Structure formats: structure tokens, C-alpha cells
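Asker: One structure coming up, written as C-alpha cells, with questions to follow.
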Amino acid sequence: MKNQLKKYLLFLVVVIVDVLLWYYYPDRGVSAVTSAADYLMEMLLFIPPIFVLVGLLDVWVPRRIVEKHVGPGSGIKGIIISILVATAAAGPLYAGFPVAYALLKKGCRVANAVIFLGTWATIKIPMLMMEIKFMGLSFALLRLALTLPAVILTGYLLEKFLAGQPQADAPPAENL
Amino acid sequence: MFNAALFILAAVALFFSWRRDREKTGKALQIAKKQFFNLLPSMLGIISLIGLMLALVPREVIAGFFGNDSPLGILVIAIIGSITLIPAFIGFPLGASLIAAGASVTAVACFLTTVLMVGVVTAPVEIELFGKRFTILRNAAGLVAALAIGIIMGAILQ
């Protein structure tokens, strides 16, 4: 119960401020509430189908494919698979950490794990739909076109910088 | 229009998934429900905060600070984006409202990219799993990439 309350704390604080604002400056209070309500309506209208798609992608795209094809020596194929599977995943970046960790432990190369995390964070398909909706098609596509090479570059740079460092106590890749 | 297409897409996908495998489809719906209710509190909080911000902060202030691509303004918004833990589902409407209030494309692109790629709040978890060097390098690279992406986007789109 206390935990629930804490989650809604920001909302409650804002509502109280809204009420105070409305009491002292009715115009501004009304404008704060109406613009928030507009946004909320808009989000509630199209978030349900997006989450249904997120759920479907999550259950149908097997993560095992990644584990099989992202080991050392995996080149372009490893990159592509890391990206494709991460774009289909559900959840925020910190939900991707354990998955990338599991990949590393199974012998995935560092570059692909970083690419996987970067893609997970920035270019998931349902998110892209939101971005198109709110920021416009050219903004979303341009950001995608710039982010993708940045993510891949980061992966390979990080692998280079970290070479020689012990990797997440990786066991020998016996099940590859 | 966009919403209608989205509903149809989700319905069709759900239909085929249901025909292939009922159990998996049920699990997918469970995931959808869980994500929705996880998001609800922060969604309500941040959306009401956006409304308050739009009502209280005059357009000129946002446009003045984040609208003229001053290096300081961009750095500030990139740092805000790195620190705050906003789900992407809320980041995009927030970005749209900033643009509507007069912020520049560069500033908003930097903000959104750091929100997505750089996680100061989640760094402890990342360090625990991947080590300090990995975490610092990955987040630093994300910040640099975000600034570069924002500047290029601003140059092309404005």
C-alpha cells in the first residue's frame, strides 16, 4: 500500500499544485488541467494496441536465436541478429541488462552485447511508432538513421577499449 | 488515422497469434497488461507535470533557453535527459510539448537520445553486471553520440 502510494506520489503532488494554482489563478489552473487531460486522452487511445504489439513481439521472437549467433567471430550476422531481436523486446533499458549479461556469459562478443543494449534502449519498434506519432516521420526516421550507426560504432569501440579486461567471468562457450 | 491503423495492426496480429498458439497469446496479453500498469503511475505523474509546466513556464522562457541552440542550453538538456529516468512512451509526448513550446530540434533530439541511451540512475545496476569501465564507457559514448545526433538533426531539420 505504501509502495503503491509512493508510485503515485508525483501525480498526487502535481494534483495538489494544480488545485492551489486553480484557487489563486483560475485561468492557469484550468489550462494546466486541460492540457494534461488532452495528452492523457491521446495516450490512452493508442497505448493499448502498442502494448499488445510489445507483448506479442516479446513472446514470438525467440531470444535463443541471439545466443546462437552472436559469439566471437560473428560479423555482420551477429550485429543484425542483435539489432533485430532487441527491437522486438519489451521493457525499459534496465530490463535489457540481465538479457545482455546472459548473452555475455554464454560467449557473446562484447560488441554485440553493447549493440544489443543500445538497440534495446533506442529503437524498439513500438517506440518508433510513438516517436512518429509525436515527433513526426522525418524526425523519427532521421534519428533512427543516425542512432543505428552510432550504436554499432559504440559496440566496436567499447570492445576495443575493454580488450584484455575480464569479461563477466565468461565460461568457455561449450554450448555454441 | 494513425490510431486506427495501429488498432487494426494490433487486432490482426492478435488474431493470427491466437490461431497459432493460444497459450503464447495469453502470455503476450499478460505482458501487455503488466507493462501498462507499470507505466500508469509515472504516466499520470509526468503528463500532469507537463500540463503544469505548460501552464506555468512561459513559452518565451523555454524558447529562450532551449530554442536558440546555445551550447549551454543543449548541454543542460542533455544532462537532464541523462539523469532523469523517463520511459520512452512518455519521453516522446514530452519532446513534442517542448517543441510546441519553442525548444529547438537539436535540444529535443539531444534530450530524447540521452533519455533513451544514457542512464545515470540505472548505472549501479549496470556496474554490478558489466563492471565500472564498461558502464562509464557505454554511457559516455551515449552522451557524445546524443550530442552529435542532436546537432546533425538540428542542421538537417531546421
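Asker: Listed residues B:Ala4, B:Ala28; which is at the interface with another protein chain (Cβ under 7 Å from one of its Cβ atoms), open to solvent by less than 70 Å² (accessible area, probe 1.4 Å) and over 20 Å from the mean Cα position of the chain (by Cα)?
Answerer: Criteria check complete, one pass: B:Ala28.
Asker: Let me ask you something else. Got a sec? Which helices (runs of 4 or more DSSP H) wholly within region B:43-100 have at least 2 residues that are in contact (Cβ under 8 Å) with a residue 12 or more places away in the chain and charged (D, E, K, R)?
Answerer: It comes to B:59-66.
Asker: Write out, first by first residue and then by second, each pair whose Cβ atoms fall under 6 Å of each other, whose residues are 6+ apart or on separate chains, and whose first residue, in region B:110-124, is at the interface with chain A (Cβ under 9 Å from one of its Cβ atoms) and surrounded by fewer than 16 Cβ atoms within 10 Å (Cβ to Cβ) while the second is part of a helix (DSSP H, G or I) and hydrophobic (A, V, I, L, M, F, W, C).
Answerer: As it stands, the answer is none, since no pair meets every condition given.
Asker: Out of region A:79-112, which residues are touching a residue at least 40 places away in the same chain (Cβ under 8 Å) and more than 21 Å from A:Leu56 (Cα to Cα)?
Answerer: A:Ile79, A:Tyr101, A:Leu104, A:Lys105, A:Lys106, A:Gly107, A:Cys108, A:Arg109, A:Val110, A:Ala111, A:Asn112 - these are the residues of region A:79-112 that are touching a residue at least 40 places away in the same chain (Cβ under 8 Å) and more than 21 Å from A:Leu56 (Cα to Cα).
Asker: Could you go through region B:116-128 and let me know if any residue there is closer than 18 Å to B:Leu72 by Cα, touching a Leu at 6+ places or on another chain (Cβ under 7 Å) and modelled with pLDDT of 90 or more.
Answerer: no
Asker: Keeping to region A:22-46, report how many residues are within 7 Å of another protein chain (Cβ to nearest Cβ) and of a type in the set (A, V, I, L, M).
Answerer: Result for region A:22-46: 6.
Asker: Inside region B:77-95, can you point out the residues that are away from chain A (no Cβ under 14 Å), buried (at least 16 other Cβ atoms within 10 Å of the Cβ) and closer than 28 Å to A:Gly29 by Cα?
Answerer: B:Ile77
Asker: If you don't mind, there's one more thing I want to ask. Sort through A:Lys160, A:Lys77 and tell me the only one that's in a helix (DSSP H, G or I), within 25 Å of B:Gly131 (Cβ to Cβ) and basic (Lys, Arg).
Answerer: Testing whether each residue is in a helix (DSSP H, G or I), within 25 Å of B:Gly131 (Cβ to Cβ) and basic (Lys, Arg) leaves just A:Lys160.
The values are calculated or read from the model by the stated rules, or taken from the named source; none is laboratory data. Because the structure is a prediction, the values reported are computed rather than measured. All Cβ positions, glycine included, derive from the backbone under ideal geometry; neighbour counts span all protein chains shown. Note: areas computed on protein heavy atoms with side chains; ligands, DNA, RNA excluded. Shrake-Rupley method; radii C 1.70, N 1.55, O 1.52, S 1.80 Å.
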